[in-house]
Amino acid sequence: MLKSKQRTLLSCAISSVLGLAGAAALAQEAKTTVLEEVIVTAEKRAVSIQDVPVAVSAYTSETRTLLGVNTVEDLARFTPSVAYRNDDRLAIRGVGRLTNAVGTDPAVALYSDAIFSTSMADTSTPPLFIERTEIVRGPQGTLYGRNSVGGALNVISKRPSDEFKGEVRLQG
């Protein structure tokens with residue numbers, strides 16, 4: 001009877017060692033992905049997104065294409081704390097424009113290449129022409145002025161370069 005207990009313990013020990021070895025082999029085969037550094041201009045200077053002390057969501061052109069983001073409505077669907085209504089009203093964290101009356105300022109500032117705009121039409125520019133879109137949440141009056149109580153939306157266009165490049169996109 002003692003030998004059967006020893007055999008059972010020995011078989012359990014061997015199976016656990018083999019199981020751990022198999023798990024280690026699987027862990028070594030797993031692919032590792034590296035997230036490239038994202039540079040944003042939320043503080044009016046180029047900084048890594050991890051060094052910015054405010055809540056920022058940044059979407060590169062490639063990310064927008066992968067997610068299918070083409071309009072400000074699509075941006076609102078993928079960005080936390082952002083809501084958009086079809087009457088051109090964007091709200092961040094519940095703060096936004098309450099009326100479309102002429103003379104009222106929006107509570108969310110929209111900047112297209114550092115130029116202020118009150119219309120969200122610039123956010124519908126195709127991703128082919130946009131380098132990245134940044135949404136900065138929370139009051140940004142110090143950096144962006146009085147119309148950014150809820151936050152700011154920055155649309156940064158692609159800049160020309162010395163290299164000849166081409167890009168083709170098909171949509172079906």
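The values are calculated or read from the model by the stated rules, or taken from the named source; none is laboratory data. Just so you know, these numbers come straight off a predicted model, no measurement behind them. Each accessible area value is taken on the protein alone, full model and side chains, heavy atoms only, with ligands, DNA and RNA left out. Shrake-Rupley method; radii C 1.70, N 1.55, O 1.52, S 1.80 Å.
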Sequence of T79, T71 from largest to smallest accessible area, 1.4 Å probe: T71, T79
Rounded to the nearest 10 Å², the accessible area of E131 at probe 1.4 Å: 80
